[in-house]
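Notes for the one structure printed next.
The values are calculated or read from the model by the stated rules, or taken from the named source; none is laboratory data. Quick caveat, the model's predicted, so the values are computed rather than measured. Quick reminder, even Gly has a Cβ in these numbers, built from the backbone with ideal geometry, and neighbours come from all protein chains shown. Side chains are part of the model used for accessible areas, which takes the heavy atoms of the whole protein and leaves out ligands, DNA and RNA. Shrake-Rupley method; radii C 1.70, N 1.55, O 1.52, S 1.80 Å.
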Amino acid sequence: MSNHDDGLPNDPEGFRLMIHALVDGELDAAAALAVERRIAADPRLAAEHARIVALQGAVSRLPRPDVSDAFRARIAAIGMAGAEQQAPAEAAEPQGGSTLALPGLVAGAGGGQRREAGTRPSQARPSPRAGRFGSFDWRAMAASIMISAVLASGATQWVMQSGVDDGFAAAVASGHRRSLLAASPIDIVSSDRHTVKPWLDARIGVSPPAPDLAQDGYALIGGRVEVISGRPVPALVYRHREHLITLVAEPQQGGKTAQPDDLSSGGFSMVHWSDGAFSYWAISDMERPELDDFVARFRKAAV
């Protein structure tokens, strides 16, 4: 990334943190504007911003777990027991001294570390372990466990919820979820189809139509190679506001056509259709009507 004089980090990782801060609403107006200008001028940053926003949206739509009062009481009891076991060691005083040992510190070979004179007991630093269970939000932990399980299950969850027995659809869903968690959802960053299509063709020997739909609100931001059932297949990535759309195109040999079919499930919208040359699978966290609009525009432009 080239240097800028806007006061923002120029290293990729540093600026990625700025994008996270922007999405989380942690920047003031001036900093937010500077970050947005960089994103608008760099397709790679725009893709990263879209990925983070899409992931945040997907996570926010996950159901909140209902943690019972009995479960929380059991966890609190475990925490209190741990704190009581820790308390004797933390409260121990060195013999013959007028000052107290600082809570939570382990005594060294020289007789222990002491609180500076004049420091009130209320100023003593608490043990990191002493309040761990008392202040921990177990609902948040349970939610994070559910999120991890949902994202990790990928294809299995899609098949169970949608009733689809097509392994290809499950793999497409898993690949889309995986792309939202990756450092970048695309392998080739470009809004130019004359760059994306040759890149795909050079790597896997096939490239689907990649119409420019930016004027319709669906900007091509690049492409990637998906491996499904041991075979590499091309995938295009479009952006619609804060949403990403993955469009996987499986080459066909039979030349059969099929009208769009709804396979939406698990918080994602998915549509499948065929044009005789390719079998398409479009998936996004957009609402179904928006994805239908994209599919209709893509089909019209790809003719």
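Only residues that are farther than 20 Å from D187 by Cα and outside any helix (DSSP H, G or I) were counted across the stretch 12-64, and they come to 9. Every condition in (1) in contact with a Pro (Cβ under 9 Å, 6 or more places away or on another chain); (2) under 29 Å from V23 (Cβ atoms) is met by G217 except one, and the failing one is (1).
Residues considered: A81, A87. Of these, the only one that is surrounded by fewer than 15 Cβ atoms within 10 Å (Cβ to Cβ), modelled with pLDDT of 70 or more and either assigned to a loop (DSSP other than H, G, I, E, B) or of a type outside the set (K, R) (or both) is A81.
Determine which member of the set S162, S153 is surrounded by 14 or more Cβ atoms within 10 Å (Cβ to Cβ), touching a strand residue (DSSP E or B) at 6+ places or on another chain (Cβ under 6 Å) and modelled with pLDDT under 80. Lay out the reasoning, then the answer.
Numbers: S153 fails: touching a strand residue (DSSP E or B) at 6+ places or on another chain (Cβ under 6 Å).
After applying the criteria, what remains is S162.
Consider the stretch 232-275 and keep the residues that are more than 20 Å from I204 (Cβ to Cβ) and among the acidic types (D, E). The one that is surrounded by the most Cβ atoms within 10 Å (Cβ to Cβ) is E242.
Residues are listed down the side, and each one gets a yes or a no for (1) within 26 Å of H49 (Cα to Cα); (2) modelled with pLDDT under 95:
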position: I228; (1), (2): no, yes
position: Y238; (1), (2): yes, no
position: R241; (1), (2): yes, yes
position: Q259; (1), (2): no, yes
position: A282; (1), (2): yes, no
position: R288; (1), (2): yes, yes
position: D293; (1), (2): yes, no
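Within the stretch 199-212, track down each residue that is out of contact with any strand residue (DSSP E or B) (no Cβ under 7 Å at 6 or more places or on another chain) and either in contact (Cβ under 8 Å) with a residue 24 or more places away in the chain or open to solvent by 70 Å² or more (accessible area, probe 1.4 Å) (or both). Matches in the stretch 199-212: D201, A202, P209, P211.
In the set R44, R38, which member is of a type in the set (K, R) and open to solvent by 60 Å² or more (accessible area, probe 1.4 Å)?
Details: R38 fails: open to solvent by 60 Å² or more (accessible area, probe 1.4 Å).
Result: R44 is the single residue among R44, R38 that is of a type in the set (K, R) and open to solvent by 60 Å² or more (accessible area, probe 1.4 Å).
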